[in-house]
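This report concerns only the one structure given below.
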Amino acid sequence: FKLSPQQQIPVLVEDGFALPESRAIIKYLLGKYAKDDSLYPTDLKTRAVVDARLDFDNGYLWPKLIECFKPIMAGNELDEEGLKNMLNTLTIVEEFLTRDKWIAGPKMTIADVFSASS
């Protein structure tokens with residue numbers, strides 16, 4: 001519990017400071033070590049869009065992907081409702097990418113990195 005309340009990895013430990021959760025770790029590392037703010041912008045509105053896309057990935061995209069593929073991974077039949085939900089979610093991603101080159105705007109950010117890993 002000392003390093004991570006959830007007792008899960010990843011955890012960054014630096015000079016006695018422990019930080020769990022991959023998104024929090026990346027934000028911290030970019031804030032501390034990045035040469036510029038291109039991956040995690042400092043402009044409040046731009047950062048808010050990046051954060052919104054990170055929340056979308058973690059709270060909406062990823063759960064819909066799991067809902068669709070979990071039955072298959074367990075050796076069961078494809079769940080048609082899960083597939084429909086995933087495809088609807090991917091339509092939202094497509095809309096993001098229709099508006100801009102990257103998921104959160106005209107430049108690549110950490111939102112693209114996390115969304116790509118989903």
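The values are calculated or read from the model by the stated rules, or taken from the named source; none is laboratory data. Remember, predicted model here, so these are calculated numbers, not experimental data. Neighbour counts run over all protein chains shown; Cβ positions are idealised from the backbone, glycine included.
A few notes on this one:
Matching residues to (1) at pLDDT 95 or above; (2) in the same structural domain as M108 (by TED's automatic domain parsing); (3) of a type in the set (G, A, S):
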| residue | (1), (2), (3) |
| --- | --- |
| P10 | no, no, no |
| E14 | no, no, no |
| I26 | yes, no, no |
| L29 | yes, no, no |
| N76 | yes, yes, no |
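- Selected residue (criterion: nearest to the chain's Cα centre (by Cα)) from residues of the stretch 26-40 that are outside any helix (DSSP H, G or I) and farther than 23 Å from L97 by Cα: A34
- Out of D43, D37, D57, sole residue that is in contact (Cβ under 8 Å) with a residue 24 or more places away in the chain, closer than 20 Å to I110 by Cβ and acidic (D, E): D57
- Pick from the stretch 5-27, criterion closer than 22 Å to D57 by Cα and among the small types (G, A, S), ranking: surrounded by the most Cβ atoms within 10 Å (Cβ to Cβ): S22
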